[in-house]
Structures are given as structure tokens and as C-alpha cells.
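Colleague: Structure in C-alpha cells, see below.
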Amino acid sequence: MRITNPLITLCLLTLLGCQDLGQLEDIQDVTYDATFAFPLLNSSLSLRDAVDELNNPDEIVVDPDGLLHFVYQGEVLSNQSSDVLEDISNNLPPVIPVLSNEFALPFAIPGQVDLEEIAFRNGSLRYTFQNDNPEPVEVTITSPQILVNGSPLLYEVNLPGYDGNGTPPSATNEENPTPLSEVRVVPENDSVVIRYTAVTPGGQEVTLSNFFLALDQPVVSYAEGYLGQRTIPGGSDEIEIDFFDFSYIDGTIEFSDPQITLFVENSYGIPTRAAINSFSVSTVEGETFPVTGTFIDEGIDFPYPPLDQVGAARVGSFVFNKDNSNIDQLLSSNPRRVAYDIDIQTHPDGDTSIDGFLTDESYYNVSMEVDLPLRGQVNGFTLRDTVDITIGDLSEVEEAEFKIVADNAIPIDADIQVLFLDEQGQFIDSLLAADQQRLQGGRMLPNGMGTEVRTTEVFVPFSAERFEAVKSVTSAVIRIRLSTESNADVPVEILDEQEISVRVGAQARVRSN
């Protein structure tokens with residue numbers, strides 16, 4: 001994510017916005033008594049114009065009151081339920097011995113899992129048994145808890161009698177097993193009952209030998225019930241805050257009421273909680289501080305869809321602000337990076353009375369967003385930029401004067417200096433004396449009515465020798481120190497339509513021949 005600071009861009013663009021002499025309309029070329037007046041810079045730019053230059057408008061938001069916000073968005077951390085369902089699949093009994101005509105198979109999964117229903121995406125169900133009775137039998141196998149296409153399991157098989165020689169007659173559906181994709185298992189009292197009858201032609205019921213049911217490579221696609229307490233690695237992310245990347249030198253910007261929002265989209269149909277392993281803010285100065293608050297120890301619960309909304313997703317958010325954390329302190333001054341690492345806990349409170357569901361398409365998405373509103377205090381925030389510039393070629397100049405006219409509606413004072421450099425990047429001269437550098441910010445009006453424009457005019461005389469030296473300038477370093485000291489008692493707001501305009505002209509008196 002890359003965002004160039006529009007406020008900084010504005011300051012630079014307004015000062016350097018027009019280096020073509022023909023673009024200046026307010027200062028006309030005049031020649032009289034061998035004195036030449038000519039324009040150097042003329043620019044007028046609103047904050048909205050600056051924002052439009054950033055090529056990243058989705059991360060710069062204008063709220064209904066016109067306040068600008070820098071919004072930094074992290075990566076989306078995603079997880080699907082495949083790991084949980086895979087554990088359930090792997091813990092299903094691969095072979096079920098049928099030991100009597102009515103056999104209750106305990107249907108329990110390790111980890112206090114209490115299943116009310118499962119369905120499958122892949123796998124097969126097989127049976128195999130032998131008849132070691134001398135008479136043929138008609139075999140019927142049923143289970144009211146195993147549903148095939150919605151109906152109780154039913155197998156009907158005929159086997160001949162055993163004559164006592166070799167291996168007893170056997171039956172199996174190995175070549176045509178029942179697809180588990182057609183099967184749902186609905187345990188009753190935590191068990192699945194398997195019943196069979198083997199009836200001779202005379203109506204006598206007998207038992208079978210070596211009777212097994214087998215689940216071959218089962219892949220669970222749906223599970224319902226209490227699905228156990230699990231910790232699922234959620235992932236980590238770092239959100240880079242490049243507000244200070246634009247030639248930042250020194251000073252601070254204290255954002256008023258910054259916040260971080262955790263967004264979640266969750267289709268896990270069970271209680272789910274974000275457990276925060278680490279959460280910190282790093283500063284431009286290289287220091288890292290932990291985010292603190294009760295949620296660090298308690299975690300953050302996700303909204304989740306109920307049983308009657310299988311396949312739906314619930315969305316929610318949690319806002320970290322000054323009321324529940326130390327975010328305002330950490331983000332208020334020169335934030336550089338927000339980093340966090342989380343895990344996801346299922347059934348975090350261990351309440352076995354809460355039944356839920358998972359499908360093989362269940363997922364959660366988690367992301368964070370940092371919101372830095374351009375409201376606060378600016379304390380000596382200093383930056384610089386280097387630009388190409390030429391003054392022109394006048395001969396025999398006796399003296400010169402630069403004039404700067406600035407109209408500022410932005411409620412931030414600025415100390416501005418222009419340093420002239422030659423082709424080798426060596427310092428030649430600076431434009432403004434110490435007492436000429438202040439550009440007054442607009443005056444904030446009461447009741448949020450915006451700002452009143454402040455106009456500043458500065459005249460800078462240049463001797464002939466000084467002007468001759470700066471004629472060789474090929475670049476200029478613009479150094480800007482921003483401060484809200486004139487509005488130090490209240491947070492300053494930077495609004496969408498506030499603008500600053502700067503006009504710079506010069507006049508030079510040349511010797512008469």
C-alpha cells in the first residue's frame with residue numbers, strides 16, 4: 001500500500017506548481033525605466049486537487065463533514081474449515097465390527113466432539129460377512145441413523161448355506177460400494193445402531209460371522225454439533241503507514257482520535273474467537289510499543305451464522321480506539337507500522353450446550369484497517385523536496401527583488417525556505433531571511449464553519465552580486481516546517497475544499513547603456 005501525503009504534496013505543489021513563465025496570469029511582463037518584472041511561480045491548488053494526484057483514491061476518504069482521512073488496509077487473512085473437518089474424517093472408525101444382530105456403535109470423536117450429524121463429500125461404505133450356517137439365509141441390514149439419500153440404510157442379500165468345506169460363503173458390495181456422498185449419519189444418544197437379520201427358509205434367525213462395515217477414505221463435508229475447542233493458526237500481517245515517506249525529516253503529527261478496525265467475515269457456524277498473540281505499533285523513530293486493552297487477554301468474538309442459515313456468512317467489526325485501548329497514544333504521533341498476529345479459537349468457552357455447524361465451504365476472513373483523520377496537532381513536522389528550477393538570464397542587473405503572495409485557507413502555519421543549488425548540487429543561496437519564512441495558516445472559524453483565508457506578502461531584496469549568483473541555479477530544495485501553534489488549543493481539521501495559492505514574481509533593474 002502506497003499513499004503520498006496530500007498535505008505535503010499540496011505544500012510543495014503550491015510553491016512549485018508553475019515553473020513556466022507563460023503560465024502566470026496575475027503578474028504581467030512590464031518594462032519601464034530599464035526595470036523588468038517577470039513571474040516565477042503561480043499556483044492555486046485545493047486539497048481535493050492534491051488528492052486526485054495520488055493515484056490511490058480508495059485509501060483517502062472524505063467524510064460527510066469534508067474531513068480527510070488516510071485509510072491503510074492490511075492483507076486479508078483467510079482460513080477454511082478443511083483442517084477441522086479433516087480431523088473429524090480421520091477420527092471416524094475405518095472398520096466397524098458388527099458383533100450381534102443389534103449393535104450400538106459409540107459415535108464419539110476425540111476432543112469432546114459431540115456430533116449430531118455428519119455428511120460426506122467423498123468415500124464409500126462397504127459391508128462384508130460370511131454365512132457359516134448349513135442352510136441358506138436371507139440377510140437384511142438396516143440402520144436408522146445412517147441415511148442414504150434421505151432413507152435409512154438398507155441392504156438385502158441372499159447367501160447359500162455352508163457345507164463345511166473351505167471358506168464359508170461370503171457377501172460384499174466391494175465392487176459396488178455405497179457412495180458416502182449419498183450418506184448422512186445422524187447419531188442418536190451418541191451412537192449409531194446397526195441391525196441385521198439372517199433368516200433361514202424355515203424362518204429361523206441365525207447369526208453371521210466376520211461381519212464388518214467399512215468406511216473407505218471418508219471425507220466429511222458437513223458436521224453439526226459441539227465440534228470441540230480448537231486453536232487454528234490465523235496468521236499475521238503488517239500494515240505499513242507511509243504518511244511520513246514524503247521526504248520526512250523531523251517533528252511530529254499528532255492525530256486526534258485515530259482508530260484501528262478489525263473486520264471479519266465468518267461462515268463458521270460455531271462460536272469463534274480471535275485470540276491476539278501480538279499487536280503493536282512501530283514509530284518513524286524505530287520504537288515499537290504494544291497495544292494494550294482488555295481484548296488482548298479476552299479475545300474478540302466473531303459473529304457466526306445459526307443452524308438455520310447453513311452456507312450464510314456473518315460480517316462484523318471491532319474498533320480499537322481511545323476508549324478501549326492505548327491506540328490513540330500509539331497512533332497519535334508518527335506511526336510507521338501496525339503489526340498483529342492472531343489465532344482463531346473454536347467453542348472458546350467450552351459450552352457443550354451450543355451446537356453449531358461446519359461445511360467444507362465454511363471460511364473466515366480477517367483484516368485490519370488503520371484510520372488516521374487529518375485532525376490534530378502538527379508540531380515542527382519538517383520535510384523537504386528537490387526540484388528543477390531556472391531563474392533566467394538578465395545581464396547587467398543592478399538590483400532585484402522577489403515578491404511572494406500567498407493565500408492560505410489551510411489552518412496550519414508553515415515556515416518555508418527555498419535553497420538554491422547549482423548544477424553540482426552545491427548550495428548557492430537561500431531565498432528567505434529568518435523573519436520572512438512564516439506563512440500564516442487560515443484562521444479556524446467557530447462551530448466548524450471552515451477557515452478564513454490568510455494572505456501573506458513577503459518582499460526579498462537581492463543585490464546585483466546575489467542575483468548574479470542565483471542565475472546559475474539548476475535546482476532548489478524546498479524545506480517546509482509545519483506547525484499548528486497558532487491553533488494549539490484545539491485540534492486542527494484539514495478539509496477537502498481548503499486550498500492554498502502562492503504567486504512568486506521578481507523584478508530586476510538593469511544598467512542603462
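Colleague: Please go through segment 247-331 and write out the chymotrypsin sites (Phe, Trp or Tyr not before Pro) that DSSP classes as loop and that have at most 14 other C-beta atoms within 10 Å.
Modeller: Loop-located and lightly packed - none at all.
Colleague: Taking Rh as the Kirkwood radius, which is the inverse of the mean 1/r over Cα pairs, what is the Rg/Rh value for segment 150-193?
Modeller: Taking Rh as the inverse mean 1/r over Cα pairs, Rg/Rh reads 1.11.
Colleague: Okay, moving on. Could you pull out every residue, at least 5 positions away or on a different chain, whose amide H is within less than 5 Å of the one on residue 277? Hs are placed 1.01 Å off N in the peptide plane, and Pro or chain starts have none.
Modeller: Amide H neighbours of residue 277: 341, 342, 343.
Colleague: I've got another one for you. I need the shape label for segment 98-226. Rule: rounded when a/c is under 1.5, else prolate if a/b > b/c, else oblate, with a, b, c from the alpha carbon gyration tensor.
Modeller: prolate
Colleague: Working out 0.36 nm times the residue gap between residue 138 and residue 285, then minus their Cα-Cα distance, what length gain in nm do you get to one decimal?
Modeller: So the extension gain works out to 44.5 nm.
Colleague: In segment 98-226, if the dipole is taken from +1 on Lys/Arg beta carbons and -1 on Asp/Glu beta carbons about the Cα centre, which of 123, 206, 159 is farthest to the positive end?
Modeller: Among 123, 206, 159, the one farthest towards the positive end of the dipole of segment 98-226 is 123.
Colleague: Give me the number: length gained by fully extending residue 193 to residue 466, i.e. 0.36 nm times residue separation minus the C-alpha to C-alpha distance, one decimal in nm.
Modeller: Full-extension gain reported as 88.0 nm.
Colleague: Rg/Rh for segment 131-207 to two decimals, with Rh computed the Kirkwood way over all alpha-carbon pairs.
Modeller: Here the Rg-to-Rh quotient is 1.05.
Colleague: Now, a different point. Per residue of segment 287-292, what does 6.51 cos²θ - 1.76 cosθ + 1.60 with θ = phi - 60° give for ³J(HN,Hα)? Whole Hz please, x for Gly and Pro, Karplus curve as stated.
Modeller: My calculation for segment 287-292 gives 8, 10, 10, x, 7, 10 Hz in order.
Colleague: Here is a further query. May I ask you to compute the full-extension gain from residue 229 to residue 114, defined as 0.36 nm times their residue separation minus their alpha-carbon distance, rounded to one decimal in nm?
Modeller: Contour length minus Cα-Cα distance gives 40.3 nm.
Colleague: Under unit Cβ charges (Lys, Arg +1; Asp, Glu -1), what dipole magnitude, rounded to 20 debye, does segment 98-226 have relative to its Cα centre?
Modeller: Using only the charged Cβ atoms, the result is roughly 180 debye.
Values quoted throughout were computed directly from the atomic coordinates according to the rules given, and no laboratory measurement underlies them. It should be emphasised that the depicted structure is a prediction, and the values quoted were computed from it without experimental measurement. Because the Cβ atoms are built from the backbone with ideal geometry, glycine has one as well, and the counts that use them run over all protein chains shown.
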